[in-house]
Amino acid sequence: MSHQFVHLKDLRPMQKNVNVHFIVLEVYDPTRTKDGNEVRNVSIADRTGRMTLALWNDHGRQVHPGDICRVLNGLTTVFKQEMTLNVGKNGELQKTGDFMMVFSEKPNLSEMTPDMLAKMQEMNAAKAAPQSGSGGAPSAGRARGGPSFSSGWGKT
């Protein structure tokens, strides 16, 4: 099966079914959630920049600095105003090699720009706003489901 891979710089918040190839830069100590799960943040990079990958339970123990890996069918989330790549329930983490990959630590693509934060706040406000008495029809100029993340981000 052929997968179409994207660069880290092309990821957007709340994306699903993303395929990414990267090098592991640093693996941080795990933290335990209230329900007993273990989550470990991992600093990853490709030639376009770096970001955070959150790995849960066994996945977090499988990677080490210098590993070349890929995530298939991953997703992006925003946690503490930082965009994070996740393997997710339907995703897959694969180790493909060691140490031989061109990468860049700048820019840090997990850091949310003011534009990204504004769009996230707009999306959250749209979700929280009560529907008016128009039978639930979307308001003028906005499609049901909030703003799209498909354009305007990451352009310099």
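The values are calculated or read from the model by the stated rules, or taken from the named source; none is laboratory data. These numbers come from a predicted model, not from an experiment. Positions of Cβ are backbone-derived with ideal geometry, glycine not excepted, and every protein chain shown enters the neighbour counts.
Computed values, structure above
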quantity: Any hit, the range 32-39, residues being of a type in the set (Asp, Glu) and part of a strand (DSSP E or B); calculated: yes
quantity: Residue check for VAL20: assigned to a strand (DSSP E or B), modelled with pLDDT of 95 or more and either within 14 Å of the chain's Cα centre (by Cα) or over 17 Å from GLY91 (Cβ atoms) (or both); calculated: yes
quantity: Long-range neighbours under 7 Å by Cβ, at least six apart or interchain, first residue free of Cβ contacts under 8 Å to residues at least 40 places away in the same chain within the range 4-24, second in a strand (DSSP E or B) and surrounded by 18 or more Cβ atoms within 10 Å (Cβ to Cβ); calculated: VAL6/VAL18; VAL6/VAL20
quantity: Boolean, THR76 is in contact with a Pro (Cβ under 7 Å, 6 or more places away or on another chain) and within 24 Å of LEU117 (Cα to Cα); calculated: yes
quantity: Hey, ASP46 touching a residue at least 24 places away in the same chain (Cβ under 8 Å) and buried (at least 19 other Cβ atoms within 10 Å of the Cβ) or not; calculated: yes
